[in-house]
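Trainee: Below you'll find the structure I mean.
The values are calculated or read from the model by the stated rules, or taken from the named source; none is laboratory data. Note that the coordinates shown come from a computational prediction; the quantities given were computed from them, not determined experimentally. Cβ placement follows ideal geometry from the backbone for every residue including glycine, while neighbour counts extend to all protein chains displayed.
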Amino acid sequence: MVTKEEVKRLSWLARIELSEGELERYTLQIEEIVKYLDVLDTIPLEHVKPVVAKKKYADLRPDESSGFEGNALGTKYRKDGYVKGPRMV
Amino acid sequence: MALYTLDLGQVAAGIKSREFSAEEYIYQLLERIEKVELKVNAFVSVNKEALDKARVIDKKIRDGEQVGALAGVAVSIKDNICTKGIKTTCASKMLETFVPPYDATVVKRLYDAGAIVIGKTNLDEFAMGSTTEFSRHGTTRNPWDINMVPGGSSGGSAASVAALECTVSLGSDTGGSVRCPASFCSAVGLKPTYGLISRYGLVSYANSLEQIGPFGRTVSDVVSVLNAIAGADENDHTTAEGKPMYSLRERKGLRVGLVREFIEGAEPTVAKVVHKAVDTLAREGCRCEETSLASVQYALASYYTIATAEASSNLARYDNIRYGFDLSPEGYEWNSYFARVRSNFGEEVKRRVIVGSYVLSSGYYGKYYLKAQQVRSLLKRELKTLFEKYDVLIGPTMPILPFKIGEKIDDPLKMYLVDIDTVVANLAGMPAVSVPAGFADGLPVGLQIMADEFQEQTMLDAAYLFEQAAKVQRSPEL
């Protein structure tokens, strides 16, 4: 059973503000979706290994910045060459 | 001559031989777009520089310079694939002002081959959806019946190809997002093996599942695009080594397995068209029989667990600080600014991010995510066994016909269930293509052909054989 409090907490963790209407609607819909995902509980999987990536780090290209020409940033909120964010405290 | 109706081979040959110019062809396409866009709404933006690019190609040809295999060919690009200097919005408010400073590898390779980007196509926001209804730019409509959805999430790409607004297109396929709209719009749409095509410059949604794939009106057109874009890329370490080239081959005696679970789950009208397709393949010398893929019953739950988990992680980067819409951070506290900003994601994106946070949350990880990855192993193992017996597996691409716009938009689970036949290839990392199979009630039905990893050539052999025998109509009157 998915509760309104759970959805509220998860949306906060995901940093998504929800209106009261969205909270009501999402709680019902997510309950239904999660119930469907519970089919995963019905399969005997004890001896099945999960999928893992095969590549090793040695396959990666050298970790060197190639940079971009021009402006990679879209924001207009800047000061003294820095990007402005909201205050921390 | 209506140049916009020509297929890729005809366009490339006509421009190279100077039978017509790239400029004339692009001009006609722009006129066509202006004429049909009010009905179809396939594009998010049209490239104003396309005509200039065409003139450059024409000059090169006049001057006797070497040009690429796709010289002058108009391609539309799904708006979640980065195009330098051209806005890439993902149909989201979160990226409404984003102009990428670089081209995706696939776009760069198309440019290298001489192709011209005619515009960016509509999609469900961040490629999350099966109908192209979840777009900030409005719904794309199915060119065969504008009251119906075109499928999704690459609905704009498929519709632009079917409506003759471009010659070929690129989409992305995380759980069927190329094949579903290809099926609903009577186009050819291919999802390659995981690692065949670089994802560098594709805006991430679910990295372990998604691939970029081409659309065309014929198998031949799709092969031409695939040859231009496939192959290793140092900027995407998941790409496989080498640079494969595919061709059109007359091949007889293919071993074809019709997946029982796919056909049993389909609407009777769809199943009928697919059975007819099996008869066609059998007449062409294929050895067809029914087979079973038992673990398909768990595929959708596995897919939506993994896709939403990866989405919740990938979309954490949208904080409106480095790029985003106009909302000053002045006066906001750190967390409340992000929560406010991110409330501007659309309905489906928010839903998936929250579901993803749920399945990854402490206490549920083993119950959902780990099991979903185990199902993935199980499914792959079962498919590998089947591919020892069959060259290709087939079934309907979609279990249902294109449905009315708005019909399923308020019922997310019902919407997810339509992906049942397509998610299998993404979970297994195997290639699959949707080829037009015919019509039921005047609406297109696609035949899905799947093959083992990196067996695209075999899959294309089957697709070409079927296409040549079935001769299904590709573009409607508009």
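Trainee: Yes or no: the range B:230-238 includes at least one residue that is in a helix (DSSP H, G or I) and under 15 Å from B:Glu456 (Cα atoms).
Mentor: No, that holds for no residue.
Trainee: Hey, another quick one. Do the conditions hold for B:Lys367, that is, is it among the charged types (D, E, K, R), out of contact with any strand residue (DSSP E or B) (no Cβ under 9 Å at 6 or more places or on another chain) and more than 26 Å from B:Cys286 (Cβ to Cβ)?
Mentor: yes
Trainee: Oh, and also: Across the range B:313-335, what is the total count of residues that are more than 7 Å from chain A (Cβ to nearest Cβ), in a helix (DSSP H, G or I) and either without any contact (Cβ under 8 Å) to a residue 40 or more places away in the chain or β-branched (Val, Ile, Thr) (or both)?
Mentor: The qualifying residues number 2.
Trainee: So which of B:Ile420, B:Ile449, B:Ile409 is of a type in the set (Val, Ile, Thr), in a loop (DSSP other than H, G, I, E, B) and within 19 Å of B:Leu293 (Cβ to Cβ)?
Mentor: B:Ile420
Trainee: Still on this structure: What single numbered condition from (1) without any contact (Cβ under 8 Å) to a residue 60 or more places away in the chain; (2) not in a loop (DSSP other than H, G, I, E, B) fails to hold for B:Leu386?
Mentor: (1)
Trainee: Given the conditions (1) crowded, with 20+ Cβ neighbours inside 10 Å; (2) within 9 Å of chain A (Cβ to nearest Cβ); (3) over 30 Å from A:Arg87 (Cβ atoms), report the number of the one that B:Phe338 does not fulfil.
Mentor: Unmet for B:Phe338, out of (1) crowded, with 20+ Cβ neighbours inside 10 Å; (2) within 9 Å of chain A (Cβ to nearest Cβ); (3) over 30 Å from A:Arg87 (Cβ atoms): (3).
Trainee: Select from the range B:48-100 the residues that are of a type in the set (Asp, Glu) and under 23 Å from B:Ala163 (Cα atoms) and write down the one among them that is surrounded by the fewest Cβ atoms within 10 Å (Cβ to Cβ).
Mentor: B:Glu49
Trainee: Ok, one more. Name every residue in the range B:286-340 that is in contact with a strand residue (DSSP E or B) (Cβ under 8 Å, 6 or more places away or on another chain) and of a type in the set (Asp, Glu), in order of residue number.
Mentor: B:Glu289, B:Glu290, B:Glu333
Conditions tested, residue by residue: (1) within 24 Å of the chain's Cα centre (by Cα); (2) within 27 Å of B:Asp461 (Cα to Cα).
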{"site": "B:Leu226", "(1), (2)": "yes, yes"}
{"site": "B:Ala232", "(1), (2)": "yes, yes"}
{"site": "B:Val259", "(1), (2)": "yes, yes"}
{"site": "B:Glu267", "(1), (2)": "yes, no"}
{"site": "B:Val273", "(1), (2)": "yes, yes"}
{"site": "B:Val278", "(1), (2)": "no, yes"}
{"site": "B:Glu290", "(1), (2)": "no, yes"}
{"site": "B:Tyr298", "(1), (2)": "yes, no"}
{"site": "B:Gly324", "(1), (2)": "no, no"}
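Trainee: Test each condition in (1) facing another protein chain (nearest Cβ under 7 Å); (2) surrounded by fewer than 17 Cβ atoms within 10 Å (Cβ to Cβ) for B:Lys389 and report the one that comes out false.
Mentor: (1)
Trainee: Spot the failing condition for A:Arg15; the list is (1) at pLDDT below 90; (2) on the phi > 0 side of the Ramachandran plot, and only one is missed.
Mentor: That leaves (1) as the condition not met.
Trainee: Select, from B:Gly366, B:Gly429, the only residue that is surrounded by fewer than 16 Cβ atoms within 10 Å (Cβ to Cβ) and either farther than 30 Å from B:Leu254 by Cβ or within 12 Å of chain A (Cβ to nearest Cβ) (or both).
Mentor: B:Gly366
Trainee: Let me ask something else about it. Might you check whether a residue that is buried (at least 23 other Cβ atoms within 10 Å of the Cβ), among the polar types (S, T, N, Q) and at the interface with chain A (Cβ under 7 Å from one of its Cβ atoms) occurs anywhere in the range B:341-358?
Mentor: The answer is yes, given that some residue of the range B:341-358 is buried (at least 23 other Cβ atoms within 10 Å of the Cβ), among the polar types (S, T, N, Q) and at the interface with chain A (Cβ under 7 Å from one of its Cβ atoms).
Trainee: Of the residues that make up the range B:291-302, is at least one touching a Lys or Arg at 6+ places or on another chain (Cβ under 8 Å) and free of Cβ contacts under 8 Å to residues at least 60 places away in the same chain?
Mentor: Scanning the range B:291-302, I find at least one residue that is touching a Lys or Arg at 6+ places or on another chain (Cβ under 8 Å) and free of Cβ contacts under 8 Å to residues at least 60 places away in the same chain, so the answer is yes.
Trainee: Related question: Here is a check on your reading of the model: is B:Leu378 hydrophobic (A, V, I, L, M, F, W, C), free of Cβ contacts under 8 Å to residues at least 40 places away in the same chain and within 10 Å of chain A (Cβ to nearest Cβ)?
Mentor: Spelling it out, it is not the case that B:Leu378 is hydrophobic (A, V, I, L, M, F, W, C), free of Cβ contacts under 8 Å to residues at least 40 places away in the same chain and within 10 Å of chain A (Cβ to nearest Cβ).
Trainee: Does B:Ala294 satisfy the condition of being out of contact with any Cys (no Cβ under 9 Å at 6 or more places or on another chain), closer than 17 Å to B:Val259 by Cβ and more than 9 Å from chain A (Cβ to nearest Cβ)?
Mentor: Yes; evaluated as a whole, the condition is true for this residue.
Trainee: Restricting attention to the range A:13-50, and to residues there that are among the basic types (Lys, Arg) and facing another protein chain (nearest Cβ under 7 Å), which single residue is surrounded by the most Cβ atoms within 10 Å (Cβ to Cβ)?
Mentor: A:Arg15
This table checks each residue for (1) within 25 Å of the chain's Cα centre (by Cα); (2) crowded, with 16+ Cβ neighbours inside 10 Å.
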| position | (1), (2) |
| --- | --- |
| B:Met1 | no, no |
| B:Ala12 | yes, yes |
| B:Ile15 | no, yes |
| B:Glu19 | no, no |
| B:Glu23 | no, yes |
| B:Glu37 | yes, yes |
| B:Val44 | yes, yes |
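Trainee: Quick test for you: out of B:Val75, B:Val67, pick the one residue that is at pLDDT 95 or above and not in a loop (DSSP other than H, G, I, E, B).
Mentor: Result: B:Val75 is the single residue among B:Val75, B:Val67 that is at pLDDT 95 or above and not in a loop (DSSP other than H, G, I, E, B).
Trainee: Do the conditions hold for B:Tyr368, that is, is it closer than 23 Å to B:Lys276 by Cβ, of a type outside the set (S, T, N, Q) and assigned to a helix (DSSP H, G or I)?
Mentor: Against the criterion (closer than 23 Å to B:Lys276 by Cβ, of a type outside the set (S, T, N, Q) and assigned to a helix (DSSP H, G or I)), B:Tyr368 does not qualify.
Trainee: Okay, moving on. Say whether the condition of being part of a loop (DSSP other than H, G, I, E, B), out of contact with any helix residue (DSSP H, G or I) (no Cβ under 6 Å at 6 or more places or on another chain), among the acidic types (Asp, Glu) and modelled with pLDDT under 95 is met by at least one residue in the range B:89-102.
Mentor: Checked the range B:89-102: at least one residue is part of a loop (DSSP other than H, G, I, E, B), out of contact with any helix residue (DSSP H, G or I) (no Cβ under 6 Å at 6 or more places or on another chain), among the acidic types (Asp, Glu) and modelled with pLDDT under 95.
Trainee: Confirm whether B:Arg199 is of a type in the set (Lys, Arg), in contact with an Asp or Glu (Cβ under 6 Å, 6 or more places away or on another chain) and either in contact (Cβ under 8 Å) with a residue 24 or more places away in the chain or assigned to a loop (DSSP other than H, G, I, E, B) (or both).
Mentor: yes
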